[in-house]
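J.: Shown below is the structure under consideration.
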Amino acid sequence: MEEDKKILEEATPSETVETAEDLHGENLGDRVKVLSPGMMVAKRFFRSKLSMVGLVTLILLFVFSFLGPIFSPWGEKETDPDLVVESATPRAIEYIGEDGETYVAYDISITTDIAKASPSWEHWLGTDDNGWDIFTRLMYGGRISLTIGFVVVILETILGVILGGLAGYFGGWVDQVVMRIVDILSCIPTLPIMLILSAALTSMGILDIRRLYYMMVVLTLIGWAGTARLVRGQILSLREQEFMLAAKCSGLSTGRKIFKHLIPNVLPQLIVSMTLGLGSIILTEATLGYLGLGAPLGTATWGAMINYVTQGDGIYLAEYLNFWVPPGICITLAILAFNFVGDGLRDAFDPKMKR
């Protein structure tokens with residue numbers, strides 16, 4: 001029995017035992033827990049402390065961004081009426097009467113100004129130039145930034161899987177055409193293209209939420225090349241395996257062989273690639289928002305909120321840290337969290353990992 005226990009303790013998590021009759025003929029099946037591949041991946045993932053930190057951070061960011069505004073007393077573009085200050089200024093107006101004499105009349109000019117509120121219990125991070133609550137806008141900004149990241153990554157993955165799968169499976173002229181397109185897209189710099197797109201949209205008078213839609217489309221069309229290259233490389237190695245030969249002999253259609261046998265075997269790498277790509281998409285959106293090229297004017301995004309540092313000849317950078325430091329922290333946390341989760345998934349899906 002002691003020898004049997006030693007053998008079980010030395011077994012790796014990837015080993016499964018249905019019965020232990022080979023252990024000196026004794027049935028130990030009741031004491032052996034069989035782990036499915038999914039359970040083994042989850043066990044490796046949750047064993048990593050950094051992965052758990054990243055996962056908890058992402059959950060908190062999503063709760064903060066999507067559920068937080070429900071409990072906020074302020075809206076995204078709601079001005080605090082207590083900060084609106086009206087001042088009356090007398091103004092002298094000279095005019096010439098019918099008798100040719102010059103007369104002076106006085107008019108009162110009403111000037112409306114909005115004061116900036118410092119952080120307080122009513123406004124946790126203060127208010128901006130428009131009297132809008134910064135903490136509430138930070139929540140709405142998370143909605144935009146995280147939504148753009150997920151939508152773009154999902155669209156990139158769908159497009160990359162389809163084209164990369166066709167290129168890897170069929171080869172020949174299909175592979176040549178797809179890979180030449182991938183090579184061209186890989187040479188296109190993202191930021192100059194977005195600068196040109198922003199200038200074109202501005203010249204066409206498109207200043208509303210449609211700017212975000214166009215931005216997501218362009219990011220998708222440029223970013224799917226990496227996913228297609230990954231899927232093609234994996235399918236080139238998988239299509240020569242024995243299970244694909246069995247699928248071919250069984251008379252399965254091409255679509256079923258690609259999407260039922262090949263793509264599921266590429267999913268681990270795809271999941272890791274998607275997770276790591278989310279951080280880069282969020283950073284790209286923040287960069288565009290900082291340059292004033294992303295969301296429409298007044299729309300809350302983390303990048304647009306950091307844009308305040310470019311105003312006031314450096315006054316905002318030095319004196320109004322509550323304007324741009326919180327969104328910068330949120331961007332940093334989101335990117336780090338996605339990278340931690342991506343690294344954890346990569347290690348969990350790797351069968352060579354024995355940690």
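Readers should treat all values here as calculations from the given coordinates under stated rules, not as data from a laboratory. Worth saying up front: this structure is predicted, and the values here are computed from it rather than measured. Methodologically, a virtual Cβ is constructed for each residue, glycine included, from the backbone with ideal geometry; neighbour enumeration extends over all protein chains shown.
J.: Residue separation times 0.36 nm, minus the C-alpha to C-alpha distance between Asn265 and Ile329: what's the value? Don't skip to the answer; put the middle values down first.
T.: Details: separation 64, 0.36 × 64 = 23.04 nm, distance 3.68 nm.
My answer for the length gained is 19.4 nm.
J.: Quick check on packing: order 174-185, 122-133 by the mean number of other C-beta atoms within 10 Å, highest mean leading.
T.: Listed from highest to lowest mean packing, they are 122-133, 174-185.
J.: Could you give each residue of region 150-157 its phi-based ³J(HN,Hα) in whole Hz, using Karplus coefficients 6.51, -1.76, 1.60 with θ = phi - 60°, and x for Gly or Pro?
T.: Computed from phi, the couplings for region 150-157 are 5, 5, 5, 5, 5, 5, 4, 5 Hz.
J.: Let me ask something else. Taking amide H positions as placed in the peptide plane 1.01 Å from N, state which residues far from Ile114 in sequence (5 or more) or on other chains have amide H under 5 Å from it.
T.: Counting only residues 5 or more places away or on other chains, the set is Val85.
J.: Moving to a separate point now. Calculate, in nm to one decimal, what Glu242 and Ala42 gain on full extension: separation in residues at 0.36 nm each, minus their alpha carbon distance. Each step should come with its number before you reach the end.
T.: On the way: separation 200, 0.36 × 200 = 72.00 nm, distance 2.76 nm.
Full extension from Glu242 to Ala42 adds 69.2 nm.
J.: Per-residue HN-Hα couplings for region 60-68, Karplus 6.51 cos²θ - 1.76 cosθ + 1.60 at θ = phi - 60°, whole Hz, x for Gly and Pro?
T.: Once rounded to whole Hz, the list reads 5, 5, 5, 5, 4, 7, 9, 9, x.
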